[in-house]
Amino acid sequence: MSKSVLRFAAAAVAAALAPTGLGAGAVAPRDHKPPSPPIVDGDVSSDNLTPAFHFTARDDRTPVTQIRFRCAIDGTILAACSHITRASAPLSFGPHFLLVRALDRAGNASKITRYAFTVTGMWDAGTEFAKSPDQVDPSRDRYGNTTWFYLYSGTNRHDPSDYHVLPYFTLIDANAQLWHSTPETFGTPGVWVGGSFGRMSMTPGQPRTGQNAILGWRSPLTGAVTVDATVWANQTWCTIDQNGLRWSIDQGAATLRSGRLALGETATITGLSTTVSSGEALYLVIDADGNSNCDGTFVDFVVETG
């Protein structure tokens, strides 16, 4: 048998063994398999009003870096988004959901992944106190809401209609900055409320003034909140006659929790839960209880959602 005949026979055998459709110039079968449902990496609970999320998915033919995503927050209409996506506008406090699906290069769409998360809020009176030279009463929280009010009452009654914003401010030093009800400096009969070393300092007015010292928190949301507070009758160096003080945590005019403190005593309030409406106020009230001697008080006051 000649060499040319042998070459022709070998080529015929190779052609017979080659898979149909994969020869020179053949087109691979169309990709009909969708990518995997996206995996979402993000905080289940975040105090960031514009939380960020990271998406990943896998596909047999499309490299990970070329997979595209479509997503939506609190809605069902998906729009193109990046593999790292942040809420485009501040979200409200409370529960939310994210929907996301992946698309490969052929346009195949994965099943939708639903991801539930919560935007939490926390307000700390001491750390959010606005210091000089940016002092203001009322003042804003870290979310930009006008939330904190430094107040005095016209009488000893717990009547929010007779609560007034403290009009005067004194910068004692970098750590002690106080709002007060009368223009004079220390030793006057009025109310003092302000920031001191990361917590609040509150002093009620003398009994004849009928002025309670009041810290107000105005809710920027409707929902459940929890209050944690510490109230400390801190003037332990006092050597004159004194009878302690009364404290109260109120929701509007209604008292949620109250008590009395002798000199140097501390009240700790944890997990005080209530439901508030947007614009409704919680108040921490310090009352001289008939004798204002040595009634200076340190206060921690924290409100959280949930």
Output the number of residues of the range 204-232 satisfying the condition of being under 27 Å from Asp289 (Cβ atoms) and touching a residue at least 40 places away in the same chain (Cβ under 8 Å). 19
Mind counting the residues in the range 236-246 that are assigned to a loop (DSSP other than H, G, I, E, B) and buried (at least 17 other Cβ atoms within 10 Å of the Cβ)? 2
What number goes with the only condition from (1) without any contact (Cβ under 8 Å) to a residue 40 or more places away in the chain; (2) farther than 15 Å from Trp217 by Cα that Gly198 does not pass? (1)
Enumeration of residues in the range 108-122 that are within 12 Å of Lys33 (Cβ to Cβ) and in a loop (DSSP other than H, G, I, E, B): Asn108, Ser110
Do any strands (runs of 3 or more DSSP E) entirely within the range 143-203 hold 1 or more residues that are of a type in the set (S, T, N, Q), more than 16 Å from Tyr283 (Cα to Cα) and modelled with pLDDT of 90 or more, and if so, which? 168-171, 176-180, 192-196
Residue selected from the range 86-98 under the condition in a strand (DSSP E or B) and open to solvent by less than 20 Å² (accessible area, probe 1.4 Å), by the criterion nearest to Pro38 (Cα to Cα): Leu98
Index of the failed condition, Pro35 passing every other in (1) open to solvent by less than 30 Å² (accessible area, probe 1.4 Å); (2) assigned to a strand (DSSP E or B): (2)
Considering only residues that are without any contact (Cβ under 8 Å) to a residue 40 or more places away in the chain and assigned to a loop (DSSP other than H, G, I, E, B), look in the range 252-270 and name the one that is nearest to the chain's Cα centre (by Cα). Glu265
Residue pairs qualifying under the 9 Å Cβ cut-off, at least six apart or on distinct chains, with the first in the range 45-61 being exposed (fewer than 13 other Cβ atoms within 10 Å of the Cβ) and the second being acidic (Asp, Glu), are Asp60/Asp31; Asp60/Asp104
Just for the range 40-82: of the residues that are among the β-branched types (Val, Ile, Thr) and touching a Phe, Trp or Tyr at 6+ places or on another chain (Cβ under 8 Å), which one is nearest to Leu103 (Cα to Cα)? Val40
In the range 137-161, anything free of Cβ contacts under 8 Å to residues at least 60 places away in the same chain, surrounded by 13 or more Cβ atoms within 10 Å (Cβ to Cβ) and either among the acidic types (Asp, Glu) or out of contact with any Gly (no Cβ under 8 Å at 6 or more places or on another chain) (or both) is listed as Asp137, Ser139, Arg140, Arg142
When (1) assigned to a strand (DSSP E or B); (2) surrounded by 17 or more Cβ atoms within 10 Å (Cβ to Cβ); (3) of a type outside the set (Asp, Glu); (4) in contact (Cβ under 8 Å) with a residue 40 or more places away in the chain are applied to Ile249, the one that fails is (4)
What are the pairs, 6+ residues apart or on separate chains, where a residue within the range 290-306 that is touching a residue at least 60 places away in the same chain (Cβ under 8 Å) and crowded, with 21+ Cβ neighbours inside 10 Å has its Cβ under 7 Å from a residue that is of a type in the set (Lys, Arg) and not in a loop (DSSP other than H, G, I, E, B)? Val299/Arg199
Residue identified as farther than 30 Å from Ala224 by Cα and either in contact (Cβ under 8 Å) with a residue 40 or more places away in the chain or touching a helix residue (DSSP H, G or I) at 6+ places or on another chain (Cβ under 8 Å) (or both) among Ile112, Ile84: Ile112
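The values are calculated or read from the model by the stated rules, or taken from the named source; none is laboratory data. From a predicted model like this one, the values you see are computed outputs, not experimental measurements. Here Cβ is always computed from backbone atoms with ideal geometry, including for glycine, and neighbour counts include all displayed protein chains. Ligands, DNA and RNA are excluded from the accessible area calculation, which covers all protein heavy atoms including side chains. Shrake-Rupley method; radii C 1.70, N 1.55, O 1.52, S 1.80 Å.
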